[in-house]
Amino acid sequence: DAGVIQSPRHEVTEMGQEVTLRCKPISGHDYLFWYRQTMMRGLELLIYFNNNVPIDDSGMPEDRFSAKMPNASFSTLKIQPSEPRDSAVYFCASSFGGGRGDTQYFGPGTRLTVL
Amino acid sequence: AQKITQTQPGMFVQEKEAVTLDCTYDTSDPSYGLFWYKQPSSGEMIFLIYQGSYDQQNATEGRYSLNFQKARKSANLVISASQLGDSAMYFCAMREMGNKLVFGAGTILRVKS
């Protein structure tokens with residue numbers, strides 16, 4: 001079975017540019033999560049969706065960040081305009097169910113560098 | 001306050017030996033889940049093992065086992081018969097109500113040949 005798919009795997013952009021990260025969750029999973037990993041802050045949850053509906057976006061750092069899930073098999077995380085401090089690895093994860101024991105499976109991540 | 005504490009920034013273990021990675025957690029929720037993930041140098045996050053707060057038995061998955069001590073709020077990962085491929089960063093995580101998975105800072109494990 002295909003796991004969580006993310007694209008691109010690497011993105012290098014210049015400050016001020018728009019960046020769009022993409023994610024395809026595991027088929028049949030009804031929860032989708034976006035995380036950011038940095039050396040300073042570790043792994044942080046940015047936002048998550050249930051059945052394509054955003055449930056909690058309290059981790060989104062500021063208005064420059066937005067996320068959408070137009071259907072069950074696709075989600076985007078957009079940063080506009082990007083800043084050097086947005087440089088990080090962004091992970092998408094999905095799970096079947098939102099219970100405490102439901103495992104989240106992670107994609108390979110997108111390494112974003114903002115110059 | 002830290003919800004997940006991993007006190008060992010780095011660990012070394014000899015190949016074929018067992019190693020324990022420590023994790024303590026803080027929660028007032030009686031129902032929670034504890035997870036361990038492995039992150040090799042390639043960067044992906046790999047799920048290893050899960051323990052539920054009401055589980056009576058310690059979880060095991062192949063060479064991985066979880067030493068769950070509920071009263072002490074600890075959930076240590078034990079890797080038996082270490083292999084060179086076990087060298088990676090290991091994260092402990094907890095999921096309470098609200099579906100958020102909270103991660104510890106991680107422990108880097110290096111397996112020596």
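The values are calculated or read from the model by the stated rules, or taken from the named source; none is laboratory data. Remember, predicted model here, so these are calculated numbers, not experimental data. In this analysis, Cβ positions are derived from the backbone assuming ideal geometry, glycine residues included, and neighbour counts consider all displayed protein chains. All accessible areas refer to the heavy atoms of the entire protein, side chains included, with ligands and DNA or RNA removed. Shrake-Rupley method; radii C 1.70, N 1.55, O 1.52, S 1.80 Å.
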Quiz item: Comparing the chain by itself with all protein chains present, which residues of the range A:16-43 are at least 30 Å² less accessible (probe 1.4 Å)?
Solution: A:Tyr35, A:Gln37, A:Leu43
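Give me the extension gain from A:Arg41 to A:Arg85: residue separation times 0.36 nm, minus the current Cα-Cα distance, reported in nm with one decimal.
Working: separation 44, 0.36 × 44 = 15.84 nm, distance 1.18 nm.
Extra length available between A:Arg41 and A:Arg85 comes to 14.7 nm.
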Quiz item: According to a simple spin-label model (label point 7 Å from Cα along Cα-to-Cβ), what is the distance in nm between B:Ser31 and A:Ser58?
Solution: 1.9
Self-check item: Percent of Cα pairs exceeding the 23 Å cut-off, where the set is chain B
Solution: 23
Self-check item: Separation of the B:Ile108 and A:Lys78 label points, Cα + 7 Å toward Cβ, nm
Solution: 3.8
Practice problem: Taking every Cα atom in the range A:7-115, find the radius of gyration and the maximum pairwise distance Dmax, and write them in Å. | Solution: 13.2, 40
Exercise. Determine the principal axes of the Cα atoms in the protein assembly as shown, then give the extent along each, sorted from largest to smallest and rounded to whole angstroms.
Key: 49, 39, 38
Exercise. Mind giving me the nanometre distance, one decimal, between the label points for A:Glu14 and A:Ser27, set 7 Å out from Cα along Cα→Cβ?
Key: 4.2
Practice problem: Please give the per residue accessible area of the protein assembly as shown, computed with a probe of 1.4 Å over protein heavy atoms only, in Å². | Solution: 49
Quiz item: If you take every DSSP beta bridge whose two residues both sit in the protein assembly as shown, what share of them, in percent to the nearest 5, is antiparallel?
Solution: 90
Practice problem: Quick one: dipole size for chain A, taken about the Cα centre, charges +1 on Lys/Arg Cβ and -1 on Asp/Glu Cβ, in debye to the nearest 20. | Solution: 200
